[in-house]
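Engineer: Questions regarding the structure given below will be posed in turn.
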Amino acid sequence: MLKKKGIQIDHNKLEEVLLIPIVSINPLTKKGIDRLTDAITKIKRIPKSNFTVEYDDHIESAIEKISSQIKETTMPKRFISLRTLEGDEDFFKFLKNDSIISKTKKSLRDHPKVEEDITIIRYGTASFIAQKVTQITPILHTKEEIQEDIDRVLLHKIAGPLTSGLFLLAMFGVLLYLGNFIQGFLTGLTENLLSFVAIAENSLFTVVLINGLTGIAIGVSIALPYVFLFYLFLGLLEDIGLLSRFTVNAEIFLSKLGLPGKSFIPLALGLGCTAPATSATRVLASKEEQFSTASLFAFVPCSSRIAIIMGIVGFYGGITLAVSVFVTSFVAGLIWAFGIKRFIRIESEPLLLELPPYRKPLIKNVFVKSWIRMKDFVYIVIPLLALGGVVYGFLDMLGLTNIIVAPFSLITNWLGLPSETIIPIIFGFLQKDLTGAMLLSVLGSEISFVLTPLQIYTFGLATTIGIPCMIALGMLIKEFGFKKAVLLTSTSIVYGLIVAGLASRIVSIF
C-alpha cells in the first residue's frame with residue numbers, strides 16, 4: 001500500500017533509531033508474516049531497546065517524582081508516570097500515594113499545559129524519525145484523483161452528512177427487505193419441523209424437547225438473518241473505507257449534543273454489541289465523556305435490538321412500524337442527550353482519524369470478520385434460546401406463568417400490552433436475543449393476530465430503548481462502578497417504558 005503511494009521506508013535505518021527489529025508485512029496478502037513470526041520467536045534473545053523519547057527538563061523532573069511513588073508492577077514506570085501526568089485516571093491505582101499528583105502539579109505551575117507539551121514532543125519525535133527513514137516520490141495516479149473527487153462529496157460539510165444519512169437509510173432498507181425474505185423462508189422450514197416433532201407422544205421428555213427446539217427454531221429464524229446480514233454490511237463498509245468517512249460526518253452532529261467526535265467510535269461499535277462498545281469508550285479522554293457516551297447506548301440499537309425491530313415489528317407489523325420505532329428511539333435519544341448535556345459539561349476536542357483509501361473488499365475477509373463478530377450468537381445465544389424455551393415450557397406446565405406475570409401487570413397495563421408479554425421483556429434483559437423467541441413462545445407464531453399494529457409498535461419500543469442486557473450491565477459495572485452502572489441501567493429502562501407508553505397513547509389519538 002505504501003509503495004503504491006510512492007512512500008518508501010528504510011527499515012535498516014528505522015532499526016538503528018528504535019533499536020528493535022523492524023519487519024514489513026502485508027496482512028492482506030500475508031507477505032512478511034513468516035519473517036514476523038520468526039522475529040517474535042527470537043524476541044527474548046534480542047537486547048532490550050534503550051530508545052526513549054526525551055522530554056523537556058520540567059517534564060523529566062515530574063516523571064522522576066511520580067516514578068518514585070509507583071507500586072511494584074510489570075508495567076514500565078516511565079509509561080505509568082507519563083499517563084498520570086496526562087491525567088489518565090486508570091493509572092492512578094498504580095501510585096502508592098495519590099498526593100504525589102497534586103505535589104507534582106504544584107511544581108509545574110509555570111507549565112500549566114503539560115499534557116499539550118507531552119503530546120507535542122511525542123508527535124514531534126515521531127515526525128523527526130519519519131523524516132529520517134522515509135522517502136516520498138510523487139506519483140500521479142488516476143485512481144487517487146477519483147478517490148479525492150469522492151471525498152469532496154462525502155466529506156463536504158453539507159453534502160457529506162446528507163449522503164451518509166441517505167446511504168445508511170438505504171442500507172437498513174436493504175437489511176429489512178433481505179432479512180424479511182430470509183426470515184420468512186426459515187420460519188416456514190422451522191414450522192414444518194416443529195409440526196413434525198409435535199406429533200410425538202406427549203411425555204415430559206417430548207415437551208422439553210419441543211420447547212427447546214421451539215426456542216432455537218424461532219430465535220434462529222428471527223434473529224439470525226438480521227444479525228448475520230448486519231455484520232456482513234458492517235464488514236463491507238469497513239473494507240471499502242466508507243465507515244471512517246461516516247465517522248467524520250457524525251462529528252458535526254455529535255458536537256451539537258456536547259460529545260467529542262471520537263465518541264462516534266464506541267457508538268458505531270454499539271450497532272454491533274453494547275458490551276465491547278462500552279470498553280471502547282476508553283478512547284475518550286475523561287470519565288465524563290465516557291459516561292455520557294455510554295448513556296447513549298440505551299438508544300443505539302445493537303444487532304439484537306435491530307433483529308427485534310426488523311424481525312418482530314417489521315415482519316409482523318410492516319416497514320412503516322419498523323421505521324417508526326427507529327425514529328421514536330432516535331427522538332427519545334436526542335431528548336436524553338440534551339438532558340445529559342445540561343448536567344455534564346464536556347470540553348470539545350478535535351477528531352483525529354486516519355482515512356483509509358477506498359479499496360475493493362476481499363469477500364473472504366468480510367465473511368471471516370462477520371463470523372468472528374457473530375460466533376457468540378452461535379455458541380452462546382442459541383443454547384440460551386433452547387434453555388429459555390425449556391424454562392418457559394416448565395413454567396407453563398406447572399401453571400406458574402400467571403404467578404410470575406401478575407406483579408408486573410402495572411407495566412403491561414401502562415404499555416397497553418397483554419400481561420404475558422412481560423415474560424419476553426424479562427428474558428430479553430437476560431439476553432436480548434431471547435426477546436423475539438420468547439414472544440413467539442408465549443403468544444404463538446401468528447403475532448399479527450394476537451397483537452394490534454399499535455401493540456407491536458409499543459412492544460418494539462419497550463424492548464429496544466434502554467441498556468439492553470445483563471452482559472452490557474456487567475461491562476458498565478467494570479468501567480464505571482456498580483452504583484453508576486445500576487443507576488444508568490435502571491433509569492434508561494424506566495425512561496424507555498415511559499417513552500413507549502406515552503408514544504402508544506399519542507399514536508392512538510391519530
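Engineer: Filter region 393-433 for residues that are farther than 25 Å from residue 496 by Cα and not hydrophobic (A, V, I, L, M, F, W, C); which is surrounded by the fewest Cβ atoms within 10 Å (Cβ to Cβ)?
Structural biologist: Top of the filtered list is 399.
Engineer: Which of the residues spanning region 255-279 are among the hydrophobic types (A, V, I, L, M, F, W, C), more than 21 Å from residue 372 (Cβ to Cβ) and open to solvent by 20 Å² or more (accessible area, probe 1.4 Å)?
Structural biologist: Scanning region 255-279 gives a single hit, 264.
Engineer: Test residue 472 against the criterion of being in a helix (DSSP H, G or I), touching a Leu at 6+ places or on another chain (Cβ under 9 Å) and more than 14 Å from residue 500 (Cα to Cα), and give yes or no.
Structural biologist: So residue 472 does not fit the description; no.
Engineer: Among the numbered conditions (1) open to solvent by 40 Å² or more (accessible area, probe 1.4 Å); (2) free of Cβ contacts under 8 Å to residues at least 60 places away in the same chain, tell me where residue 10 comes up short.
Structural biologist: (2)
Engineer: A further question on this structure: Report every pair of residues separated by at least 6 positions or lying on different chains whose Cβ atoms are under 8 Å apart, first residue within region 103-118 and closer than 18 Å to residue 286 by Cα, second part of a helix (DSSP H, G or I) and modelled with pLDDT of 80 or more.
Structural biologist: What qualifies is 114/58; 114/59; 114/62; 114/85; 115/85; 118/59; 118/82; 118/85.
Engineer: Find the residue count for region 56-111, including only residues that are more than 21 Å from residue 124 (Cα to Cα) and not acidic (Asp, Glu).
Structural biologist: Within region 56-111, residues that are more than 21 Å from residue 124 (Cα to Cα) and not acidic (Asp, Glu) number 30.
Engineer: Is it true that some residue in region 45-63 is at pLDDT below 85, open to solvent by 90 Å² or more (accessible area, probe 1.4 Å) and part of a helix (DSSP H, G or I)?
Structural biologist: yes
Engineer: Failed condition for residue 252, given (1) among the β-branched types (Val, Ile, Thr); (2) closer than 19 Å to residue 373 by Cβ; (3) open to solvent by 40 Å² or more (accessible area, probe 1.4 Å), with all others met?
Structural biologist: (2)
Table: residues versus (1) exposed (fewer than 15 other Cβ atoms within 10 Å of the Cβ); (2) free of Cβ contacts under 8 Å to residues at least 12 places away in the same chain.
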| residue | (1), (2) |
| --- | --- |
| 151 | no, no |
| 154 | no, no |
| 160 | no, no |
| 170 | yes, yes |
| 184 | yes, no |
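Engineer: Against the condition part of a helix (DSSP H, G or I) and surrounded by 13 or more Cβ atoms within 10 Å (Cβ to Cβ), how does residue 40 come out, does it pass?
Structural biologist: no
Engineer: Cβ contacts < 8 Å: first residue more than 14 Å from residue 161 (Cα to Cα), restricted to region 249-260; second residue in a helix (DSSP H, G or I) and of a type outside the set (A, V, I, L, M), any location; separation 6+ or different chain. Result?
Structural biologist: Within 8 Å, the pairs are 257/338; 257/341; 258/292; 258/341; 259/289; 259/292; 259/293; 260/289.
Engineer: While we're on this one: Quick check: anything in region 462-479 among the β-branched types (Val, Ile, Thr) and farther than 30 Å from residue 292 by Cβ?
Structural biologist: Looking through region 462-479, none of the residues is among the β-branched types (Val, Ile, Thr) and farther than 30 Å from residue 292 by Cβ.
Engineer: Within region 442-465, is even one residue of a type outside the set (S, T, N, Q), modelled with pLDDT under 85 and within 23 Å of the chain's Cα centre (by Cα)?
Structural biologist: No; the residues of region 442-465 include none that is of a type outside the set (S, T, N, Q), modelled with pLDDT under 85 and within 23 Å of the chain's Cα centre (by Cα).
Engineer: Still on this model: Regarding residue 308, is this residue β-branched (Val, Ile, Thr), surrounded by 24 or more Cβ atoms within 10 Å (Cβ to Cβ) and closer than 23 Å to residue 430 by Cα?
Structural biologist: yes
Engineer: A follow-up question, please. Of the residues 282, 245, which single one is in contact with an Asp or Glu (Cβ under 8 Å, 6 or more places away or on another chain), at negative phi, touching a residue at least 60 places away in the same chain (Cβ under 8 Å) and open to solvent by 40 Å² or more (accessible area, probe 1.4 Å)?
Structural biologist: Unique residue meeting the criteria: 282.
Engineer: Any residue in region 48-67 that is farther than 15 Å from residue 80 by Cα and in contact (Cβ under 8 Å) with a residue 24 or more places away in the chain sitting within a Cβ distance under 8 Å of a residue that is open to solvent by 80 Å² or more (accessible area, probe 1.4 Å) and in a loop (DSSP other than H, G, I, E, B)? List the pairs, counting only those 6 or more apart or interchain.
Structural biologist: 49/19; 50/19; 51/19; 58/110
Engineer: Then there is this: So which residues in region 87-99 are out of contact with any strand residue (DSSP E or B) (no Cβ under 9 Å at 6 or more places or on another chain) and touching a residue at least 24 places away in the same chain (Cβ under 8 Å)?
Structural biologist: 87, 89, 90, 97
Engineer: Let me ask something additional. What are the pairs with Cβ atoms under 7 angstrom where one residue, in region 75-86, is touching a residue at least 12 places away in the same chain (Cβ under 8 Å) and closer than 16 Å to residue 99 by Cα and the other, located anywhere, is open to solvent by less than 70 Å² (accessible area, probe 1.4 Å) and among the hydroxyl-bearing types (Ser, Thr, Tyr)? Sequence gap at least six, or different chains.
Structural biologist: 81/67
Engineer: Given the structure, is residue 386 modelled with pLDDT under 80, in a helix (DSSP H, G or I), crowded, with 18+ Cβ neighbours inside 10 Å and of a type in the set (A, V, I, L, M, F, W, C)?
Structural biologist: Spelling it out, residue 386 is indeed modelled with pLDDT under 80, in a helix (DSSP H, G or I), crowded, with 18+ Cβ neighbours inside 10 Å and of a type in the set (A, V, I, L, M, F, W, C).
The values are calculated or read from the model by the stated rules, or taken from the named source; none is laboratory data. Note that the coordinates shown come from a computational prediction; the quantities given were computed from them, not determined experimentally. Positions of Cβ are backbone-derived with ideal geometry, glycine not excepted, and every protein chain shown enters the neighbour counts. We work out accessible area using only protein heavy atoms, side chains counted, and drop any ligands, DNA or RNA first. Shrake-Rupley method; radii C 1.70, N 1.55, O 1.52, S 1.80 Å.
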